[in-house]
Structures are given as structure tokens and as C-alpha cells.
Amino acid sequence: NFERHFLATPGKYTLEVAVVDQLSNKAGVQRLNFEIPPPADGPSVSDVVLVRNVSGFAADDPDEPLLFDKGRITPNVSDDVPEGAKSVSLFFIAHPDAKQKEPVKVEMEVSRNGAVGRRTTLPLHFDGSTLGVPYLASFKSGLPPGDYNVKAIISQGPKVSTTQLSFSVQGEQDAPSAGGKAIAGLAENATDLTMAGAP
């Protein structure tokens with residue numbers, strides 16, 4: 001893994017990456033265009049990250065974005081979960097609007113093979129003193145093979161912000177009829193659905 005983070009103003013960016021194997025004298029390159037939008041007018045939620053692992057130590061850099069409690073998140077950038085994985089974890093940060101007095105609600109919805117599960121309300125303790133509330137949702141028993149879509153939703157008064165992530169769990173899938181039952185209540189079955197600083 002090679003990770004770097006930086007502060008940047010809103011705008012359109014191009015990331016260029018080159019990896020050189022000096023033994024074989026071969027190289028691989030990739031170019032990625034992305035955009036940093038202006039700050040949201042109201043509540044917002046970060047990208048949802050598929051977690052590869054959580055290290056047992058916190059980074060010294062307070063601007064490190066992938067921190068949860070005293071651990072550091074390493075993302076799974078392939079968006080593929082290997083067959084038989086014992087657990088699947090997701091990470092995101094909810095950003096309530098500290099200037100607004102309306103109550104805040106954070107929810108998560110998980111779909112498998114197009115079958116939508118229940119939308120589950122997550123606990124939220126926000127006193128306005130922080131920029132966001134990090135969440136780590138872990139499915140400790142793993143997930144059955146299939147194609148998944150996860151939505152993280154934050155609402156505050158009439159304003160709603162949503163972000164989503166698609167990923168796949170490898171392996172032989174069950175029959176379509178069983179797949180619909182498997183997704184029912186999936187978000188509620190996350191056995192370690194927690195946020196940083198939660199009791």
C-alpha cells in the first residue's frame with residue numbers, strides 16, 4: 001500500500017500515478033480525473049469506503065481522513081471482497097450542519113443483487129464541536145456472494161445528502177428467490193455498527 005493525503009481547494013483535478021519495477025524495467029501508469037465539490041450547503045456525508053483492515057494505532061497527522069477511534073483505515077480500492085471473507089466493513093463520515101438547529105438523522109441502506117434491504121437509522125451523538133462523526137459498520141459474519149450497493153444518508157430538516165458505494169463479494173451465488181430473503185434487514189444485522197467516540 002502507498003497512501004498520501006493532502007489539503008486542496010474545490011475544483012477539478014487530475015491524478016497521475018506511475019509504478020516502475022526497476023528489476024524488469026517495466027512500468028504501469030494510470031490517470032484519474034476527479035472533482036472536489038464546494039462545501040455542501042447543509043448536512044453532507046463522505047464517500048463510503050470498503051475497508052481492507054484497521055490498524056491498531058492512530059496516525060500522528062490530525063488531517064488524516066481515514067481515522068476511526070484509535071485505528072487507521074486502510075481502504076480496499078479494488079471494491080472486491082474475496083470468497084469466504086469472515087467479515088466485511090464499511091467506513092464513512094457524517095457531517096451535520098452545525099449552524100442548523102433541526103435534528104439530524106443518519107441512515108444506512110444495503111442492497112444485494114438489486115434487492116433493497118431495510119433502511120436502518122444509526123446512532124448519532126453530535127455536539128457541534130467536531131467537523132464530522134466517523135462510522136464503522138462491520139458485518140462480522142461476512143456477506144453472501146453477490147453484487148452490493150450501500151447508501152449512507154444524512155438528513156437535517158428538509159435537506160438530505162446521500163452517497164453510495166458498489167462492491168462485489170466473490171463466490172457462487174444462491175438462487176434469486178433466496179437472494180431476496182438474504183438481503184432483508186441486512187443493515188440491521190451489522191453486529192458492530194459503531195461510531196468513533198460512541199459509548
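The values are calculated or read from the model by the stated rules, or taken from the named source; none is laboratory data. Remember, predicted model here, so these are calculated numbers, not experimental data. Cβ atoms come from the backbone with ideal geometry, glycine included; neighbour counts cover every protein chain shown. Ligands, DNA and RNA are stripped out before the accessible areas are found, and what is left, the full protein with its side chains, is counted by its heavy atoms. Shrake-Rupley method; radii C 1.70, N 1.55, O 1.52, S 1.80 Å.
A few remarks follow.
- Rounded FRET efficiency, nearest 0.05, which uses the C-beta distance separating Glu83 from Glu16 and R0 of 30 Å: 0.35
- Each label point was placed 7 Å from the Cα along the Cα-to-Cβ direction; for Lys159 and Thr121 their separation is 2.1 nm.
- Leu23, Leu124, ranked by accessible area, largest first (probe 1.4 Å): Leu23, Leu124
- Remark: region 42-51, residue by residue, has Karplus-estimated 3J(HN,Hα) of x, x, 8, 9, 6, 4, 8, 10, 6, 8 Hz, where x stands for each Gly or Pro and the curve is 6.51 cos²θ - 1.76 cosθ + 1.60 at θ = phi - 60°.
- The 1.4 Å probe gives accessible areas that order Glu83, Glu102, Glu109, largest first, as Glu83, Glu102, Glu109.
- Nearest-0.05 FRET efficiency for Lys105 and Ser141, computed from C-beta distance (R0 30 Å): 0.65
- For region 1-119, the share of accessible area belonging to carbon and sulfur comes to 52 percent (1.4 Å probe, ligands and nucleic acids excluded).
- Inter-site label distance for Ser168 and Leu32 at 7 Å from Cα along Cβ, in nm: 1.9 nm
- Protein heavy-atom accessible surface, 1.4 Å probe, per residue over region 1-85: 79 Å².
- For the set Ile154, Ile93, solvent exposure ranked by accessible area (probe 1.4 Å, protein chains only) runs largest to smallest as Ile93, Ile154.
- Between amide H atoms placed 1.01 Å from N, distances below 5 Å from Val45 occur with His95, all of them 5 or more places distant or on a separate chain.
- For Arg72, solvent-accessible area (1.4 Å; no DNA, RNA or ligand), Å²: 50 Å²
- FRET efficiency estimate (nearest 0.05) - Cβ-Cβ, Asp41 to Asp63, R0 22 angstrom: 0.40
- Interchain or long-range residues, amide H under 5 Å from Arg52's placed H: Thr74, Asn76
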